[in-house]
1. Can you go through 836, 878 and tell me which one is surrounded by 13 or more Cβ atoms within 10 Å (Cβ to Cβ), modelled with pLDDT of 80 or more, part of a helix (DSSP H, G or I) and touching a helix residue (DSSP H, G or I) at 6+ places or on another chain (Cβ under 6 Å)?
2. Quickly run through segment 1-16 and pick out the residues that are within 28 Å of residue 121 (Cα to Cα) and either free of Cβ contacts under 8 Å to residues at least 40 places away in the same chain or in contact with a helix residue (DSSP H, G or I) (Cβ under 6 Å, 6 or more places away or on another chain) (or both).
3. Looking at (1) modelled with pLDDT under 95; (2) crowded, with 16+ Cβ neighbours inside 10 Å, which is the only condition residue 97 fails?
4. As an exercise: evaluate residue 476 against (1) assigned to a helix (DSSP H, G or I); (2) within 31 Å of the chain's Cα centre (by Cα) and give the number of the one condition it does not meet.
5. Out of curiosity, is residue 727 assigned to a loop (DSSP other than H, G, I, E, B) and touching a helix residue (DSSP H, G or I) at 6+ places or on another chain (Cβ under 6 Å)?
6. Can you confirm whether residue 422 is surrounded by 18 or more Cβ atoms within 10 Å (Cβ to Cβ), in contact with a helix residue (DSSP H, G or I) (Cβ under 8 Å, 6 or more places away or on another chain) and part of a strand (DSSP E or B)?
């Protein structure tokens with residue numbers, strides 16, 4: 001068949017994905033092989049995948065494909081998350097803009113019908129993107145966090161934790177999202193440093209007889225719109241400025257309500273005016289002060305962030321509009337002393353990044369975390385669960401787990417698992433897996449009620465309360481304990497995720513696994529970095545700053561996208577997305593494709609036994625180089641250094657195979673190639689495609705199939721890796737020497753404007769003549785040398801170069817300029833002398849020598865010896881000029 005000019009991914013990718021699917025290569029069933037299990041971090045059903053997802057799915061597919069090719073029963077479970085806050089917001093907006101329907105006009109069941117339609121539409125889009133990327137998921141195992149079995153599992157866990165006393169209901173200060181009108185956990189609040197203002201407000205002072213004294217106390221506040229909720233003024237008991245206020249009162253501006261002065265060492269005498277307005281309903285620290293001093297709680301905000309009737313003024317006005325109105329009114333009443341610029345930290349909703357979170361007193365459901373946390377902390381600290389890169393995230397994980405707060409798990413939403421709490425008319429409740437069980441529990445306590453008498457809690461559960469069961473319930477491990485799948489596939493092998501959800505998800509999955517299976521949920525956690533745009537912002541659906549994945553695949557091909565996203569993203573490191581790396585991936589595909597065309601051209605030209613120009617050294621060298629890289633890649637995979645593994649393979653393919661090996665074994669013009677060398681070349685090519693396949697599956701499968709006539713089932717996706725043979729270090733050194741000498745001689749030819757057809761004589765002054773004789777044929781052919789001669793004395797009228805410690809004299813027919821040659825050698829001498837100084841400085845550092853690994857010190861010592869040898873060789877060459 002005639003091969004296209006360039007690699008054409010559009011004609012190849014769909015064909016191979018369907019072929020793999022048809023042959024069941026992605027499907028997994030328990031068998032006698034060791035399992036390798038990955039569960040996909042379920043993307044939210046709120047749109048399409050962004051580039052962060054692309055990196056995540058690519059890493060997972062690389063690990064799964066490599067495991068499948070290494071004798072494991074690889075199982076990659078796909079799925080999606082219902083994402084209660086984000087999805088409900090999307091559905092509410094869709095209903096309003098497309099159908100003119102407000103959520104308040106619908107029943108809960110009517111709303112859920114629309115939500116499931118949304119899920120079916122966008123879940124399908126996401127799965128299509130994952131397939132287009134080449135991900136080898138087991139599509140028979142797709143799981144959704146609102147599937148019937150999953151829903152039942154979540155409710156079962158809620159009941160179990162409640163019965164153990166680990167879930168409770170109570171009024172607490174929580175984080176409130178006024179846009180989503182729901183509670184948030186502490187981890188769902190993102191803090192940003194913003195430029196704000198301190199407003200210095202004057203409060204009139206009244207004495208114990210309620211008589212105004214004519215004096216004022218000035219309070220600095222960031223949030224003047226909460227003044228109407230003030231319950232006290234607090235000062236430090238050691239602050240002499242305010243000792244006279246014992247038994248006095250302050251008058252709250254705008255509402256003229258009397259509040260007491262209280263005294264507490266909590267107040268910093270040096271901050272602001274040293275006096276603090278206490279608003280227990282709107283600040284966690286004020287709330288704690290209020291509990292301590294038995295203060296009134298006045299909630300001046302509605303759930304949508306507007307001022308409530310309790311505010312007394314500006315009722316129904318948005319909180320930030322009210323702030324402006326309060327400031328203007330205070331100025332009118334001459335109660336605003338001054339304004340001061342002030343940098344502060346403000347909490348924003350993780351799901352609605354433009355929404356400032358409000359602290360609010362609210363009755364919610366909470367999980368007691370202290371008891372659940374310890375096994376999950378021990379699992380990571382003791383190394384049962386290994387974090388990659390551990391040096392960056394272990395300390396962070398440990399700190400959070402040791403300082404964790406109770407988890408607020410109720411959300412004021414309809415989309416999600418509904419809290420299984422059933423209330424009697426008098427407000428008492430029972431937690432049960434069904435209303436029938438709740439009725440039975442009431443009756444067991446002597447309360448004779450029927451189902452019709454009960455009202456289920458309106459709230460649903462935090463999305464993370466369902467997704468923390470993910471590694472277990474994708475195999476029905478909670479709903480059907482001890483089934484064949486959960487016993488075979490669990491614990492899973494690797495979790496691949498972003499470091500931004502280490503607490504939302506990773507820590508909680510470990511907690512759930514330890515609680516319900518008494519074992520870790522995975523052995524390793526690989527944290528990908530954040531993919532950011534050119535402004536350094538995290539790519540996300542909310543910011544709409546991520547390119548369309550399908551458009552990128554159409555433009556560059558899936559393999560190029562996978563290559564581009566991974567080549568610049570070592571584990572845990574953020575990367576700025578740039579299409580240039582995808583372009584590099586496309587060039588790489590074309591490079592391999594052109595190598596295939598060259599090899600196929602040799603095949604068409606025919607082979608010959610024992611060809612006179614056969615380069616057997618090239619074959620021996622590349623076989624050792626291939627074995628070396630295969631072993632290196634295996635070690636890199638063990639350490640989850642996937643980006644480094646790809647770079648290593650890329651260099652082997654592009655440089656060693658395409659640029660060197662194929663050039664070295666290339667037969668003369670229109671001459672047949674040596675038969676043995678041709679077969680070895682095809683074998684090498686196949687091995688390279690196998691190494692590269694997990695990273696770039698489509699191009700490698702296509703090229704593998706085209707290299708030789710295949711039998712049924714001989715497919716690269718399931719081709720098993722073999723243990724690489726031991727390498728011959730001498731051969732590798734000889735090959736490296738050949739490349740360096742050839743490059744140096746070619747550079748010298750170019751500098752002196754020698755044409756490729758111009759022959760040269762090569763004189764070599766070396767102490768390793770025996771090594772050069774082994775690579776002599778390769779060297780002669782590659783630099784167009786008419787002769788190679790060994791000498792111990794300088795050769796006049798030649799181009800002088802130095803490679804390592806060896807001197808070369810290149811004889812040509814052109815007239816040479818010794819001054820120019822001397823300048824070149826002096827330039828190289830200066831560089832080598834500077835390099836030697838830097839190495840000696842490092843080796844002279846006792847701390848470096850004592851703390852560095854022995855092999856690192858040894859490498860520096862070799863650099864020093866090589867530099868000294870080269871300096872000596874250059875110095876001798878300069879003498880000859």
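The values are calculated or read from the model by the stated rules, or taken from the named source; none is laboratory data. Predicted model, so just to flag it, every value in this text is computed and none were measured. Positions of Cβ are generated from backbone atoms using ideal geometry, with glycine treated the same way; all protein chains shown enter the neighbour counts.
1. 836
2. Result: 11, 12, 13, 14, 15, 16.
3. Only one criterion is unmet by residue 97, namely (2).
4. The failed condition is (1).
5. So residue 727 passes the test.
6. Taking the combined requirement at face value, the residue satisfies it.
Residue-wise test of (1) crowded, with 17+ Cβ neighbours inside 10 Å; (2) in contact with a strand residue (DSSP E or B) (Cβ under 8 Å, 6 or more places away or on another chain); (3) outside the structural domain of residue 482 (by TED's automatic domain parsing); (4) modelled with pLDDT of 95 or more.
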| site | (1), (2), (3), (4) |
| --- | --- |
| 516 | yes, no, no, yes |
| 522 | yes, yes, no, yes |
| 528 | yes, yes, no, no |
| 531 | yes, yes, no, no |
| 534 | no, yes, no, no |
| 538 | yes, yes, no, no |
| 545 | yes, no, no, no |
| 548 | no, no, no, no |
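Every residue, every condition in (1) surrounded by 15 or more Cβ atoms within 10 Å (Cβ to Cβ); (2) over 30 Å from residue 182 (Cα atoms); (3) touching a residue at least 12 places away in the same chain (Cβ under 8 Å), yes or no:
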| position | (1), (2), (3) |
| --- | --- |
| 265 | no, yes, yes |
| 283 | yes, no, yes |
| 337 | yes, yes, yes |
| 346 | no, no, yes |
